[in-house]
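Worksheet: one structure, shown below.
Read-outs throughout are calculated quantities, based only on the coordinates presented, and are distinct from any laboratory measurement. The shown structure was predicted, so the numbers you read here are calculated from the model rather than taken from an experiment. Neighbour counts run over all protein chains shown; Cβ positions are idealised from the backbone, glycine included.
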Amino acid sequence: MPAADTPAPAWVYNLADAAQGIRRKLGEGITTRIFPGEHVMLSVVRIAPHSSGTVHSHPNEQWGVLLEGECVRLQGSEEHAMKAGDFWHTPGGTPHGIRTGALAATVLDIFSPPREEYRKADEGFGVPAKAH
């Protein structure tokens, strides 16, 4: 077994290492670090207390896992309170968003295929959802 102080290979990442990934500001109080692959993309999203993400949609399938904290997940016309350990599926083209109350939240989002606009540092969620 390698020593604990041995540097990790380039294919090993850590959720707590803020220096890793492509940084993106999604909105006020919402930041992410992106880890793109060939067919799948991971996004480690940190959401400050009392923050709200823009309801948006994109053609990519998305799964999300609430790693820490609490949030309200908005999807289509539904809202659902989430706690750490909950996860969800969002088909491509489905309007969705998220908001926090008094507690911050950390979410791991998984996209397939990868979102091309997230392959570089920038701002924004993507395409706003159309009003129904």
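Data for the structure
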{"item": "Enumeration of residues in the stretch 1-25 that are assigned to a loop (DSSP other than H, G, I, E, B) and either touching a residue at least 40 places away in the same chain (Cβ under 8 Å) or charged (D, E, K, R) (or both)", "result": "Asp5, Leu15, Asp17"}
{"item": "Scope the stretch 28-57; condition touching a residue at least 40 places away in the same chain (Cβ under 8 Å), farther than 12 Å from Val107 by Cβ, in contact with a Ser or Thr (Cβ under 9 Å, 6 or more places away or on another chain) and not small (Gly, Ala, Ser); matching residues", "result": "Ile34, His39, Val40, Met41, Pro49, His50"}
{"item": "Failed item, numbered, when Gly85 is tested on (1) assigned to a strand (DSSP E or B); (2) at positive phi; (3) among the small types (Gly, Ala, Ser)", "result": "(1)"}
{"item": "Check on Thr32, within 14 Å of the chain's Cα centre (by Cα), surrounded by 14 or more Cβ atoms within 10 Å (Cβ to Cβ) and not in a strand (DSSP E or B)", "result": "no"}
{"item": "Some residue of the stretch 89-112 being surrounded by fewer than 17 Cβ atoms within 10 Å (Cβ to Cβ) and on the phi > 0 side of the Ramachandran plot", "result": "yes"}
